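Asks: Below you'll find the structure I mean.
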Amino acid sequence: MVELIGSNKIKTAVFISGTGSNLKNLIKFSLLKKSPIKISFIVSNNIKAKGLNFAKKYKIKKKTYNFKNKKLSEKLILGDLKKNEINLICLAGFMKILSAKFIKKFNGNILNIHPSLLPKYKGLNTHERVIENNERFSGCTVHYVNSSLDSGKIILQKKILISKKDTPTTLKKKILKQEHILYPKAINKLLANL
Ligand code: GRF
């Protein structure tokens, strides 16, 4: 894992594709004096991602890469991460799958948050599938990113009880609230004692 040198915070990039509620939450967390991270770069594959507005609001550098040519986009991203001295990547609703080469080049210092109790319900439409299967519990997971989707080492999980009245929409809302607690907690678990 990355090393914290002196009292410097770990320069972190957050990758998003959509709303960015986790991004906003991580920015707020990073602004706490005790937080081990500083968010200094926001990456998106989607120029219309609502979350990009937080870059302006919080004066954080941002850049969009179109991923039409994944190899090229990843190469450009790696260059920009280096330029911005980024040591940690937090994926937060990033809808592109990063290549094994990219992950290796970044020494595996990449985290992701997924809205299920991994290893159950990897991939998309988690809440729909969970409800369809009449599960009693769901939750969210923060994990390392490796080259297979949603399969890296688990750092922390939060389990929640599903009520009979829950729909994919209410479940999503409930879990998102827990995600906002879990992601900073997982980062602290990894980095706070360095
Ligand atoms: C979250 O549910 C996250 O777990 C998943 O994508 C969603 C992103 O939401 N990977 P937001 O853009 O952070 O609001």
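The values are calculated or read from the model by the stated rules, or taken from the named source; none is laboratory data. Remember, predicted model here, so these are calculated numbers, not experimental data. Note that we place each Cβ from the backbone using ideal geometry, even for glycine, and neighbour counts take in every protein chain shown. For the accessible areas, the whole protein counts, side chains as well, though only heavy atoms, and no ligand, DNA or RNA atoms are used. Shrake-Rupley method; radii C 1.70, N 1.55, O 1.52, S 1.80 Å.
Asks: In square angstrom, rounded to the nearest 10, how much accessible surface does residue 129 have for a 1.4 Å probe?
Replies: For residue 129, the solvent-accessible surface is approximately 80 Å².
Asks: Which of rounded, prolate, oblate describes the chain, given a ≥ b ≥ c as roots of the alpha-carbon gyration tensor eigenvalues and a/c under 1.5 marking rounded, otherwise prolate only if a/b is larger than b/c?
Replies: Numbers: a/c = 1.64, a/b = 1.41, b/c = 1.16.
The shape class here is prolate.
Asks: Only Lys, Arg, Asp and Glu count, each charged at its Cβ (+1, +1, -1, -1), so figure out the dipole size of segment 6-108 about its Cα centre, rounded to 20 debye.
Replies: 200
Asks: Before anything else, pin down the relative contact order of segment 6-108: Cα pairs under 8 Å, at least 6 apart, normalised by residue count, whole percent.
Replies: 36 percent.
Asks: Specify whether the C-alpha gyration tensor of segment 114-194 places it in the rounded, prolate or oblate class, a ≥ b ≥ c being the square roots of the eigenvalues: rounded for a/c under 1.5, otherwise prolate if a/b is larger than b/c and oblate if not.
Replies: oblate
Asks: Right, next: About the Cα centre of the chain, what is the dipole size in debye to 20, counting +1 per Lys and Arg Cβ and -1 per Asp and Glu Cβ, all else neutral?
Replies: I would put it at about 540 debye.
Asks: Quick check: at a probe of 1.4 Å, how many percent of the accessible area of segment 114-194 sits on carbon and sulfur atoms?
Replies: 54
Asks: Right, next: Round to the nearest 10 and report in Å² the accessible area of residue 114, as given by a 1.4 Å probe over the protein chains' heavy atoms.
Replies: Counting only protein heavy atoms, the figure is 10 Å².
Asks: While we're on this one: Across segment 145-160, in residue order, what do the Karplus-derived ³J(HN,Hα) couplings come to in whole Hz, using 6.51 cos²θ - 1.76 cosθ + 1.60 with θ = phi - 60° and x for Gly and Pro?
Replies: Rounded to whole hertz, the list is 9, 10, 7, 10, 4, 6, 10, x, 4, 7, 9, 8, 9, 10, 9, 10.
Asks: For segment 6-108, what class follows from the C-alpha gyration tensor (a ≥ b ≥ c being the square roots of its eigenvalues): rounded when a/c is under 1.5, otherwise prolate if a/b is larger than b/c, else oblate?
Replies: It is oblate, given that a/c is not under 1.5 and a/b is not larger than b/c.
Asks: Can you give the longest run of the chain that contains no GluC sites (Glu not before Pro) sitting in a DSSP loop with at most 11 other Cβ atoms inside 10 Å?
Replies: Values: sites that count: 3, 85.
The longest such stretch corresponds to 86-194.
Asks: What does the charge dipole of segment 114-194 about its Cα centre add up to, to the nearest 20 debye, if the Cβ of each Lys and Arg holds +1 and the Cβ of each Asp and Glu holds -1?
Replies: Roughly 260 debye for segment 114-194.
Asks: Return the sequence-ordered ³J(HN,Hα) values of segment 171-186 in whole Hz as given by the Karplus equation 6.51 cos²θ - 1.76 cosθ + 1.60 applied to θ = phi - 60°, using x for Gly and Pro.
Replies: For segment 171-186, the Karplus curve yields 5, 4, 4, 4, 6, 4, 4, 6, 4, 5, 8, 5, 5, x, 4, 5 Hz.
Asks: Another question, if that's okay. Using a 1.4 Å probe on the protein chains only, how many percent of the accessible area of segment 6-108 belongs to carbon and sulfur?
Replies: 54
Asks: Holding the Cα-Cα limit at 22 Å, pick out from 34/185; 11/59; 11/104; 96/153; 104/158; 63/173 the pairs that are longer than that.
Replies: Exceeds cut-off: 104/158; 63/173.
Asks: Starting from 0.36 nm per residue, how many nanometres of slack lie between residue 9 and residue 76 once their C-alpha separation is accounted for?
Replies: Contour length minus the Cα-Cα distance gives 21.7 nm.
Asks: Any chance you could give the angle, 0 to 90 degrees and rounded to 10, that helix 70-83 forms with the longest Cα principal axis of the chain?
Replies: Taking the Cα atoms of the chain, the angle to 70-83 is about 60 degrees.
Asks: Between residue 99 and residue 128, with labels modelled 7 Å along Cα→Cβ, what's the label distance in nm to one decimal, could you check?
Replies: 3.0
Asks: Per residue, what accessible area does segment 114-194 have, given a 1.4 Å probe and all protein chains present, in Å²?
Replies: 59
Asks: Right, another one. Just to verify a number: FRET efficiency for residue 66 and residue 31, C-beta to C-beta distance, R0 = 25 Å, to 0.05?
Replies: Plugging the Cβ-Cβ distance into 1/(1 + (r/R0)^6) gives 0.25.
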